[in-house]
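Notes follow the structure.
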Amino acid sequence: MSVKVEKQENSKVVLEFTMSKEDFEKALDKAFTKNAKYFKVPGFRNGKVPRNIVEKMYGEGVLYESVIEDTVDLAYADAIEANNLEVVSKPELDIKQIGKGKEFIYTVTFYVKPEATVKEYKGLEVEKFSTRVTKKDVEKELEVARDKNARIVSVDDRDLKDGDISTIDFEGFVDGVAFEGGKAENFELTIGSGQFIPGFEDQLIGMKIGEEREINVKFPDEYHADNLAGKDAMFKVKLISIKAKILPELDDEFAKDVSEFETLEEYKKDLEKKLKSQKETEAKMQKENKALEKLVENTEVNIPEAMIDSEVEKMVEQFSANLSYQGLTIEKYCEYMGSTLEDFKTNLRPNAKRDVTLKLALEYIAKVEDIKVEEQDIDKKVEDLVKEYGDTANTESFKNNPNIRHYVTEQILQEKTIAIVVDNAVEK
């Protein structure tokens, strides 16, 4: 079997295989021997029908499919390994010539991983994010703590106001017709939360318990349900009850109740310290994200569509797995969002292309920098993973698992490469 390798534009590769007449005849003999028991011809015992009789009765090409099954996949795998090709798409088979007394010729077409070129990956300029904690930041955290520890009390001697928790019945109409999903009873809504369409909550302010009111709003143009987007709507609303939050006083007693500190000042200092640590972590993440965005911008590569398709499918699988924990399917999610699975995939393509470009850029840098991953690094990472998942009894088996070691090696290599890009980025 001879193989001709043709590398075309945009990482497309065509392998042309040619099997000699003699080898094809041998392959037919082998296929006949393997399948002889399946041919039934009157006057012959099972498995004893001569090949020429079988071909005459069933047709000359009766054994071709068996030859293809026995030779194509194996020859393709050998050619991929021999030519060190990293395939990123499903191969397409095309039979060019097949027949008795002829060479068996076929092609296999596929795409391989492209090589990226990064113009610049050191000294990338990124925006500097402040880690300064202001007095306002601390006060905001204090208000969050107050809100969490507020007492909820029923109110029946005044009108509904901003910040109250209302219980309402409502039904929505568009062009005088009630629409699906626009009706609820005993629905709890905090006024000012922004949970409803803009303008809805503001028009509830001033209502009395038991009062009924018509609320007129307009759905946003980008609303997820296409049949409602940009439409004027009227809601009939009845106020059932009002609850109010009673916030605790900001004093030493409050600090004792919500923390391990004796005074409010000590509690504030601790909040400031935690906010500082949080902002430093956020700044580090922002620096990495911005540096990697710049890296993608500086990367030149022609990515086969099949490679992006594959990345999209991985993203869909991951998203579907996350939805399954909530008892949802991806199809149901798309239905709720007023979309389709195909639309969902289309929207993922820009991010998928970005992710593929980034991976290829990091592989380029790792090669240029000759980054190595030591065995002890792999062992340490595996041990950390085992501890994280609480299965220390299987540490050694995990360490010796080739698939796990490969995964961990790739992860460490990527982390080391990202560190080179981020550590050398210049904050401005």
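The values are calculated or read from the model by the stated rules, or taken from the named source; none is laboratory data. Small disclaimer: the values here were computed from a predicted structure and weren't measured. Using ideal geometry, Cβ is built from the backbone for each residue, glycine included, and neighbour counts are taken over all protein chains shown. Ligands, DNA and RNA are stripped out before the accessible areas are found, and what is left, the full protein with its side chains, is counted by its heavy atoms. Shrake-Rupley method; radii C 1.70, N 1.55, O 1.52, S 1.80 Å.
Observations on the structure shown:
- All of (1) over 21 Å from P304 (Cα atoms); (2) within 48 Å of the chain's Cα centre (by Cα); (3) open to solvent by less than 40 Å² (accessible area, probe 1.4 Å) hold for V54 with one exception: (2).
- Among residues of region 13-25, those that are surrounded by 16 or more Cβ atoms within 10 Å (Cβ to Cβ) and of a type in the set (D, E, K, R), counted: 1
- When Q278, Q286 are checked against the criterion of being free of Cβ contacts under 8 Å to residues at least 12 places away in the same chain, out of contact with any Ser or Thr (no Cβ under 8 Å at 6 or more places or on another chain) and either open to solvent by less than 70 Å² (accessible area, probe 1.4 Å) or not hydroxyl-bearing (S, T, Y) (or both), a single residue qualifies: Q278.
- Answer from E262, E253, E249 - the residue that is in contact with a helix residue (DSSP H, G or I) (Cβ under 8 Å, 6 or more places away or on another chain) and open to solvent by 30 Å² or more (accessible area, probe 1.4 Å): E262
- Selection status of L28, buried (at least 16 other Cβ atoms within 10 Å of the Cβ) and modelled with pLDDT under 95: yes
- Looking across K314, K332, K372, K387, one residue alone is closer than 27 Å to L228 by Cα and basic (K, R). It is K332.
- Residue in region 329-340 that is among the hydrophobic types (A, V, I, L, M, F, W, C), open to solvent by 40 Å² or more (accessible area, probe 1.4 Å) and out of contact with any helix residue (DSSP H, G or I) (no Cβ under 6 Å at 6 or more places or on another chain) present: yes
- Odd one out for V316, checked against (1) surrounded by 16 or more Cβ atoms within 10 Å (Cβ to Cβ); (2) in contact (Cβ under 8 Å) with a residue 40 or more places away in the chain; (3) more than 23 Å from M285 (Cβ to Cβ): (2)
- The residues of region 295-308 that are open to solvent by 70 Å² or more (accessible area, probe 1.4 Å) and assigned to a helix (DSSP H, G or I), listed by number, are E297, E305.
- Subset tally (residues that are of a type in the set (S, T, Y) and either closer than 23 Å to D309 by Cα or open to solvent by 20 Å² or more (accessible area, probe 1.4 Å) (or both)) for region 72-106: 2
- Residue match in region 136-143 (condition: more than 21 Å from E363 (Cα to Cα), among the basic types (K, R) and more than 34 Å from the chain's Cα centre (by Cα)): yes
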